[in-house]
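This report concerns only the one structure given below.
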Amino acid sequence: MLNDISTLVSLCKRRGFVFQGSELYGGIGACYDYGPLGVLLKNNIKSLWWHSMIQRPDIEGLDSAILMSSKVWEASGHVENFTDPLVDCRQCKTRFREDECKEPGKCPSCKSPDITDPRDFNLMFETHMGSSTDSSSQIFLRPETAQGIYINFLNVMQSTRQKLPFGIAQIGKAFRNEITARNFIFRMREFEQMEMQFFVTSDSSMEWFTYWLSERHKWYRDVFHLPVKPIDTPDDALAHYAKRATDIHFEFPFGLEEIEGVHHRGDFDLTRHGQHANKDVSVFVEELKQRVVPNVIETSCGVDRLFLAALVGFYREDELTAGEKRTYFAFPFELAPYPVTVFPLMKKEPLMDLTHQVVSALRDQGLFAQLDVSGSIGKRYRRADEIGTPLGITVDFDSLDDQMVTVRDRDTAEQIRVPIADLGPQKLRSIHQSFRK
Ligand code: ATP
């Protein structure tokens with residue numbers, strides 16, 4: 001339904017989902033700021049993922065530092081290998097990644113064959129810690145959150161008394177100095193990842209890979225309610241340490257693209273940290289009666305790419321009444337920035353007093369209820385629809401007598417009367433469900 005990402009870019013700015021980073025100064029490439037609605041949606045995405053991971057007894061949480069010893073990145077191979085092939089066009093001066101050339105040997109922008117040979121460009125942002133700027137103080141902004149998990153593996157295991165198999169989940173910022181940045185928040189230079197690393201024995205590792213791939217697929221279907229397509233990486237395209245990899249893709253207006261990777265990383269990460277730090281990273285496995293270096297199954301997804309997938313996947317255009325077009329996001333109840341908006345029919349007492357009581361009661365029960373008092377009721381419905389609010393609650397003059405309100409469904413515009421005393425997260429969630437049947 002959405003053929004062009006520019007529709008979303010302007011809607012995001014107008015309604016306060018996403019702004020261009022440093023816009024006041026003309027903008028900065030591939031950095032974005034999340035506005036008042038964006039931060040609510042983003043937090044809901046993170047919360048859905050976090051709960052699906054952390055509510056399990058075999059997964060622990062972590063929040064490791066962005067800045068780490070540069071030895072971490074030497075051990076992980078990022079200093080040496082985290083590069084993209086950079087090519088310059090001598091004709092139009094465009095800089096691009098070699099794999100972006102649709103016609104090999106030609107600039108993707110002006111089609112000139114006058115382009116440089118590719119050279120390795122390291123994607124890590126580099127800075128210095130402390131006052132000196134020599135190589136001993138060099139550090140990197142992390143390009144992924146995973147390494148913070150690996151270097152804390154023993155700490156987490158010892159402090160929680162977990163045994164294999166178990167996982168560590170983390171949400172946090174990552175930074176990549178991407179050569180070209182386009183497609184809005186799809187490819188950013190500062191972004192957020194949600195990663196879970198699951199530590200297992202080598203014998204059981206393939207089963208766990210299959211298990212996590214299926215779990216993640218189910219999560220998109222049953223919790224996130226978005227269609228995704230897993231695509232296996234062929235053996236000859238795997239990273240040298242990887243045993244298997246499947247990327248989960250989503251259909252964006254600019255094509256089918258990766259939103260998450262599920263990877264079998266073998267024992268590469270822990271072995272390398274063990275070698276570089278000169279520490280024993282093996283653990284005793286009761287059933288095997290021996291010490292082993294765990295294998296890692298990784299699930300790694302980008303918060304911002306999920307955010308964009310949600311905007312694209314739930315974007316709708318329809319005509320509620322003949323000739324009256326509307327656009328809205330059909331977000332599920334748990335994902336919507338606001339699950340409900342409360343409207344007084346008119347901005348007048350004693351309606352306002354009762355409206356404030358309804359809003360406070362909902363907020364006291366932990367529900368983010370938005371209050372909208374200005375404009376005609378029809379306009380206010382459209383405004384709430386446009387930002388994807390599943391339910392509208394209207395307080396009218398009858399409410400003063402019967403202590404009931406009208407609950408309106410975003411997608412169908414159907415309405416029912418509900419006692420104010422019954423309003424709460426559970427009830428509203430089930431009303432939202434009932435409209436879907
Ligand atoms: P791509 O091939 O698109 O560059 P990748 O294979 O390098 O992605 P990973 O290193 O596997 O990505 O990172 C895991 C996830 O982190 C990706 O699936 C994506 O959702 C997210 N991610 C990676 N790079 C970016 C970026 N520059 N901007 C936003 N999200 C990103």
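Of all residues in region 300-313, those that are part of a helix (DSSP H, G or I) and open to solvent by less than 10 Å² (accessible area, probe 1.4 Å) total 8.
Checking Asp120 against (1) open to solvent by 60 Å² or more (accessible area, probe 1.4 Å); (2) in a loop (DSSP other than H, G, I, E, B); (3) not polar (S, T, N, Q): exactly one of these is not met. Which one? The failed condition is (2). Please tell me if Ala322 is open to solvent by 50 Å² or more (accessible area, probe 1.4 Å) and not assigned by TED's automatic domain parsing to the domain that holds Pro165. Here the answer is yes, as Ala322 does meet what is asked.
For the condition away from the ligand (no atom under 16 Å from the Cβ), without any contact (Cβ under 8 Å) to a residue 12 or more places away in the chain, open to solvent by 50 Å² or more (accessible area, probe 1.4 Å) and within 20 Å of Arg14 (Cα to Cα), Lys348 does not qualify. Of the numbered criteria (1) without any contact (Cβ under 8 Å) to a residue 40 or more places away in the chain; (2) part of a helix (DSSP H, G or I), the one Gly375 fails is (2).
For the subset of region 284-299 comprising residues that are of a type in the set (Val, Ile, Thr) and under 33 Å from the mean Cα position of the chain (by Cα), which member is most open to solvent (accessible area, probe 1.4 Å)? Before the answer, list the steps.
First, pick out the residues of region 284-299 that are of a type in the set (Val, Ile, Thr): 285, 292-293, 296-297, 299.
With the extra rule that they be under 33 Å from the mean Cα position of the chain (by Cα), the set shrinks to 293, 296-297, 299.
Working: Val293: 47, Val296: 1, Ile297: 0, Thr299: 0 Å².
Per the criteria, the residue is Val293.
Going through Ile393, Ile420, Ile431 one at a time, which residue ends up being open to solvent by 30 Å² or more (accessible area, probe 1.4 Å) and out of contact with any Asp or Glu (no Cβ under 7 Å at 6 or more places or on another chain)?
On the way: Ile393 fails: open to solvent by 30 Å² or more (accessible area, probe 1.4 Å); Ile431 fails: open to solvent by 30 Å² or more (accessible area, probe 1.4 Å).
Unique residue meeting the criteria: Ile420.
Of the residues that make up region 290-299, is at least one in contact (Cβ under 8 Å) with a residue 24 or more places away in the chain, hydrophobic (A, V, I, L, M, F, W, C), away from the ligand (no atom under 16 Å from the Cβ) and assigned to a helix (DSSP H, G or I)? There is no residue in region 290-299 that is in contact (Cβ under 8 Å) with a residue 24 or more places away in the chain, hydrophobic (A, V, I, L, M, F, W, C), away from the ligand (no atom under 16 Å from the Cβ) and assigned to a helix (DSSP H, G or I). Screening Ser109 with (1) within 15 Å of Met68 (Cβ to Cβ); (2) surrounded by fewer than 16 Cβ atoms within 10 Å (Cβ to Cβ) gives one miss only, at (1).
The set of residues from region 249-267 being within 12 Å of the ligand (Cβ to nearest atom) and within 13 Å of Gln197 (Cα to Cα) comprises Gly261, Val262, His263, Arg265.
The values are calculated or read from the model by the stated rules, or taken from the named source; none is laboratory data. Computed from a prediction, not measured in an experiment: that's the story for all the values here. All Cβ positions, glycine included, derive from the backbone under ideal geometry; neighbour counts span all protein chains shown. The area values use the complete protein model at the heavy-atom level, side chains included, leaving out ligands, DNA and RNA. Shrake-Rupley method; radii C 1.70, N 1.55, O 1.52, S 1.80 Å.
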